[in-house]
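Have a look at the structure below, then the notes.
The values are calculated or read from the model by the stated rules, or taken from the named source; none is laboratory data. All figures in this text were calculated on a predicted structure; none of them were measured in a lab. Using ideal geometry, Cβ is built from the backbone for each residue, glycine included, and neighbour counts are taken over all protein chains shown. Quick note on the areas: whole protein, heavy atoms, side chains included, nothing else; ligands and nucleic acids left out. Shrake-Rupley method; radii C 1.70, N 1.55, O 1.52, S 1.80 Å.
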Amino acid sequence: MKIRSGQPCPFLSSFFFLYPLFFTNTSLDCTMGEKGQLPYRQLFIICACRFAEPICFTVIFPFIVQMVRDFHISKEEDVGYYVGFITASFAFCQLLTGIHWGSLSDRIGRRPVIIMGMCGTIISILLFGLSKSYMWALLSRSLCGLLNGNVGVLKSMMAELTLDVPADQRARAFSLLPLMYGLGSIIGPSLGGFLSHPVTSFPNVFDNRGALTDFLLAYPYFLPCFISAAICSVGWVFGIFYLEETLGGLEAQKQLKQQKKQMNAHPQEQPLLQQHEHTDDTTTGGGYHTFDQQEAPKPIIESPPTLREALTPAVLAISLSYAIYAYQVVFYDELFPIWTASSRALGGLGFVSDEIGTALAYTGIMTLITQLLILPGLVKRFGLVRLYRFVLIVLIFVYFIQGFIRVLYDVPDLEGHVGTKTWVWVGLILVLTLKTMCQTIAFTDCTLLVNNCAPLRSLGAINGFSQCCASLMRTLGPASCGIMWSQSVAATWLPFQVRSHITWTFLSLIGLVTFWTAQRLDPKHYERDQLDDYIEAQSDDDANSHSSSDTAVHRV
């Protein structure tokens, strides 16, 4: 049987993939879906796997500073450097192994690589919770980056699952990956903040419990890591029992589409007495056939091309754009809390922690709205490349304008008072709305563009390569942002209006460079039917091989 669904409203359809979990059919037909429909069941399983990992990744952020302090390895002013090494070690190690995990998934399949990656995440986060020294914490965090290349592999799986659906539906499917990351990034820090030092925070629950209390006092950061590992284990179990392999499904889709083309082209050549696969025949249990039927051979998966062959000019162009875009995003993410928390005398907004948290929570809500309601319609109307270029242009001006929001302190509020935050909040909300919408759209567009131009048999390697490019920039971004902000604030020889805006101007220039890279993208390489191109290429190869064999026969 095949899963069929109606046409719910756009918002509900984004969550409607939950229901097919309760169907037991796990055939390839069910996995791949039908023309114009998303494979809801597998999307749910992929989201379950993706949701678990960012919890393990972000759970350490609330307590990492205190953990490094507890190691007593440096003075207070140097703690930030040691924290930076731990947080950057994950991205650096992912840079080293991302391509290899992706290439491995092209050869042995997506499913085993994803399951191994989740297992590595579980082990590494448990080891991190047992850290009693700085070196142990650094190595366990590095281990997480070395053993997990799932981000690129999940993108490859998503691309293969949505080859035969419209562009707007494909955009909705791909938007689920950053959505799951965002949701996991909310739960992870919450666990890390509330469950670290549990004996002190919850004495009624964890005090006077004998060996358990002694263990949690010796390892005060183990409980949030353990809960995160437990949640990731649930996703791991879902992957083991329900996650379908998509690498072989590519060949099945190709054969199915070729059969449909042949039937449409020569309907008169079909056998008169032909029993279709899904025809019910309770009397004979299989129907009558004029000729003996043999079971169709399983599709043979050809070896993927080498990485050098897969890195076409189109792939390199979008990977460069994706890398620079990742740099501007991580630069902004590092700059925003510094800028909002800094005093007005240093060019900041002078916000307190709960105000910063409110602003970040608003961006999370806007991310959700953009991914579920806004992005699919824009992709359908404007196309991927045009939309990507447009949002990059908007971001250039958003970055430049955001630095001037502090001037709104001088604008009288509705009661005529100067120095209040009324208009500052209005300006900040407007800028954050544009920024969040554009960044969300650009990120999903980048992911789709990478997958659209990649050779289908090298999706894992190409996604791993693009993820390595992004990881490199995520390693460099935070450090460069902190250095630039500190140096610009200390440059008292410059006028205040100039030095307070240096960092935002630099970010705008990075946005301009990103737009320049987007201008070099040729839409014909990125907005095409990959499956048709793949079938045509295979047909050409088959024709060439047949012609070569015929020539050899004639020579004999």
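With the largest listed first and rounded to whole Å, the semi-axes of the equivalent ellipsoid of segment 40-86 from the Cα gyration tensor are 36, 8, 6. In a DSSP loop and with at most 13 other Cβ atoms within 10 Å, there are no chymotrypsin sites (Phe, Trp or Tyr not before Pro) in segment 204-239. Pair-distance distribution of segment 71-163: all C-alpha pairs, bin width 5 Å, starting at 0; shares per bin in whole percent are 2, 14, 20, 20, 15, 11, 8, 5, 3, 1, 0. With the highest mean first, a sort of the peptides 436-446, 401-411 on other beta-carbon atoms found within 10 angstrom per residue produces 436-446, 401-411.
Taken over segment 416-528, the convex hull of the Cα atoms encloses 143 Å³ per residue. Dipole size of segment 394-541 about its Cα centre, with +1 on Lys/Arg Cβ and -1 on Asp/Glu Cβ: approximately 800 debye, rounded to the nearest 20. Contact order, relative form, for segment 367-512: 34 percent (alpha carbon pairs under 8 Å, 6 or more residues apart, mean separation divided by residue count).
Ranking Glu160, Glu309, Glu244 by solvent-accessible area of protein heavy atoms (1.4 Å probe, all protein chains present), from largest to smallest, gives Glu309, Glu244, Glu160. Scattering from segment 396-436 was approximated by placing one identical point on each alpha carbon and applying the Debye formula without solvent; log10 I(q)/I(0) at 0.16, 0.19, 0.21 1/Å stands at -0.39, -0.52, -0.61.
Relative intensity of segment 349-454 on a log10 scale, I(q)/I(0) at q = 0.11, 0.20, 0.23 Å⁻¹, equals -0.43, -1.02, -1.20, per a Debye sum over C-alpha point scatterers of equal strength in the absence of solvent.
The alpha carbon centroids of segment 360-388 and segment 486-531 are separated by 21 Å.
How far apart, in nm, are two points set 7 Å out from the Cα along the Cα-to-Cβ line at Ala341 and at Thr420? Label at Ala341, label at Thr420, 2.8 nm between them. Full extension of the chain between Thr87 and Phe194 yields a length gain of 36.5 nm, computed as 0.36 nm times the residue separation minus the alpha carbon distance.
Cα-based values for segment 412-473, radius of gyration first and Dmax second, are 20.5, 65 Å. Under a 5 Å amide H cut-off, with hydrogens placed 1.01 Å from N, Tyr221 pairs with His197 among residues at least 5 apart or on other chains. Measuring between their Cα centroids, segment 185-238 and segment 89-129 lie 24 Å from each other.
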